[in-house]
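Have a look at the structure below, then the notes.
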Amino acid sequence: MAMRPDVRRHSIIIIAFAVIQWAFVQYIINHQLFGLDTYHRILYFCLSAFGGAFLIFGALIYIVIKGNADKQ
């Protein structure tokens, strides 16, 4: 199965953005940059993890649906 280059590039950008935003939120939480209490730290961690996972799965589904060059 040959994947189109534009689909691969878009999906890699989305996956990289998901990982970078998760790492950025982790840095903020671990170094207590905003003075968050425990409840907000847990909330932001969960939102960041679920948001990043949603973006990664969305990118993988995008690869599967749009990536095959034979179906045009």
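Give the angle, between 0 and 90 degrees and rounded to the nearest 10, that separates the Cα long axis of helix 38-66 from the longest principal axis of the Cα atoms of the chain.
With rounding to tens, the tilt is 0 degrees.
In whole percent, what relative contact order does region 1-61 give with Cα contacts below 8 Å and a gap of six or more residues?
51 percent
Where does the chain land at 222 nm, in deg cm²/dmol rounded to the nearest 500, when only DSSP H runs of n ≥ 4 count, each adding -39500 (n - 2.57), divided by all residues?
Values: 2 runs with 55 residues, N = 72.
After summing the helix terms and dividing by the residues of the chain, the value is -27500 deg cm²/dmol.
Roughly speaking, to the nearest percent, how much of the chain's 1.4 Å accessible area is carbon and sulfur?
C and S atoms contribute 71 percent here.
Quick check for you: with a 1.4 Å probe and neighbouring chains kept, what is the accessible area per residue of the chain, in Å²?
Averaged over the residues of the chain, the accessible area is 77 Å².
For the chain, divide the Cα radius of gyration by the Kirkwood radius and give the resulting Rg/Rh value with two decimals.
Expressed as Rg/Rh, it is 1.19.
From a point 7 Å beyond the Cα of residue 3 in the direction of its Cβ, which residues of region 50-66 have a backbone N at a distance under 18 Å?
Output list for this probe position: 53-66.
Find, among the trypsin sites (Lys or Arg not before Pro) in the chain, those assigned to loop by DSSP (not H, G, I, E, B) with at most 13 other beta-carbon atoms within 10 angstrom.
Numbers: sites: 8, 9, 41, 66, 71; in loops: none.
Nothing satisfies the criteria.
The values are calculated or read from the model by the stated rules, or taken from the named source; none is laboratory data. The shown structure was predicted, so the numbers you read here are calculated from the model rather than taken from an experiment. As a convention, Cβ positions derive from the backbone with ideal geometry for all residues, glycine included, and neighbour counts pool all protein chains shown. To get the accessible areas, we keep the full protein, side chains included, count just its heavy atoms, and leave off ligands, DNA and RNA. Shrake-Rupley method; radii C 1.70, N 1.55, O 1.52, S 1.80 Å.
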